[in-house]
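Have a look at the structure below, then the notes.
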Amino acid sequence: MSLSTSTRHDRSLIFPLNSQGIDREKRQPQRTQISILTPAYNEAAILQEHLTLLCDYLQGLEAQYEWEIVVVNDGSRDETGPLADAFARSHPSQRVRIVHHKINQGLGQALRTGFEQCQGDYVVVLDLDLSYSPDHIERLLHRIETTQAGMVVASPYMPGGSIANVPWVRKELSIWANRFLAVASKGSLATLTGMVRVYDANLLRRLNLRSRGMEINPEVVYKALLLLEKVDEIPGHLHWRVGGKKTAKPVKQAPSSTASAKRKSSMKIARHIWDTVFSGFLFRPVMFFVMPSLLFLAVSAFASSWAFIHSWNNYQAMIQRGEVPYISESVALAFSQAPHTFFIGGMALMLGIQLFSLGILSLQNKSYFEEMFYLNSAIYEKTRQVIDKV
């Protein structure tokens, strides 16, 4: 991707000294290289205008950063591909590069392809629709450079963030999905599904990502936390634009518009829910087994307590009548009074034990996976360092 730390330090050797013996590299410090990655699928209507906005914004950061834009055309069926190529040709500095997928492969694969192509020290992922305005780029970069985090997320759900003009169904799904994942990840982040982020390129090299869809965003967070990387976030401002209407400058506040003018969501709800639940399972499988098992065991304990109390009462009543009862007779009488209690208690007990056992096994498998992932990442990093030296 980008030059390694040792390579960046050694670059001063290839720059000659000036007449006063001052290294040109020291006289003109090297700017940090950044890559702006944006996936595109059927974005012909907005592509050229929004790429122009991005280029104009990035030109204002050239005093600090050397930048590039990488667009991944994920098998678009409209004119996205040709228009993107034409835009790149209009920038002979090669700061805009286009990568094409012949068929649509999903957001996850588009990001994975883009990560491989980016050459910057930091990689900023941004929606091409600019639902997050370009000024997020500088704020994300400032935060990751200040905190030395492995990644920083733009979060509309943390204090200071905002969300506007988003269809109600998608908004509610996103809110509850992130709340669920926040609990699963033990409250480390307010937003885990958001795509707008900045990554340290060194972290991306260490991750072995597998997701092909939207679940790639929680996957990156999960694996970054496994590697003990710091994951930070800043307040984000998510604003969906009015359908068919483009403005010269992205805005952060919701404009007055009718509900019919709002952009429609194309998210597949069932798939999104499944991906969210599965991601939560990866973060914290105990939620799916041990916690439900405790509920079933509590039901079993309640039913067992009822059976014991009524059996004892029946036993005492039989003694008072002058009978010499067996305990089994009092239990049988209690069973005849409420047989469903015994069935519910027994079934709840079996389910509770089985779920608790599965929870222990899932925690064990999670521990094994984390150890293997950490070990494989360490081996990969050492191998890459050896290759860079060669």
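Since every read-out is calculated from the coordinates, none of them should be taken as a lab result. Just so we're clear, the structure is a prediction, and the values are computed from it rather than from any experiment. Every residue, glycine among them, receives a Cβ derived from its backbone with ideal geometry; neighbour counts consider all protein chains shown.
Below, the figures for the structure above:
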{"item": "Helix-only CD estimate at 222 nm, as mean residue ellipticity for the chain, using -39500 (n - 2.57) per DSSP H run (n ≥ 4)", "result": "-17000 deg cm²/dmol"}
{"item": "For region 274-381: span of alpha carbons on each principal axis (Å, largest first)", "result": "82, 25, 13"}
{"item": "Ordering of 367-379, 213-225 by packing [mean C-beta count within 10 Å, highest first]", "result": "213-225, 367-379"}
{"item": "Over 19 Å [Cα-Cα, region 276-338], rounded percent", "result": "53"}
{"item": "Dmax and Rg, reported as Rg then Dmax, of the chain (C-alpha, Å)", "result": "29.0, 118"}
{"item": "Cβ-placed point charges (K, R +1; D, E -1), dipole of the chain about Cα centre in debye, nearest 20", "result": "440"}
{"item": "Ranking of PHE296, PHE308 by count of other Cβ atoms within 10 Å, fewest first", "result": "PHE308, PHE296"}
{"item": "Fraction of beta bridges assigned by DSSP in the chain that are antiparallel (%, nearest 5)", "result": "25"}
{"item": "Base-10 log of normalised Debye intensity for region 68-201 (one unit scatterer per alpha-carbon) at q = 0.10, 0.18, 0.20 Å⁻¹", "result": "-0.39, -1.18, -1.34"}
{"item": "Sorted peptide list for 316-322, 122-128, 34-40, 281-287, criterion being average Cβ within 10 angstrom, highest first", "result": "34-40, 122-128, 281-287, 316-322"}
{"item": "For region 135-143, Karplus couplings with θ = phi - 60° (6.51, -1.76, 1.60), whole Hz, Gly/Pro x", "result": "5, 5, 4, 5, 5, 5, 5, 4, 5"}
{"item": "Computed lengthening from HIS142 to PHE369, 0.36 nm per intervening residue step minus Cα-Cα distance", "result": "78.3 nm"}
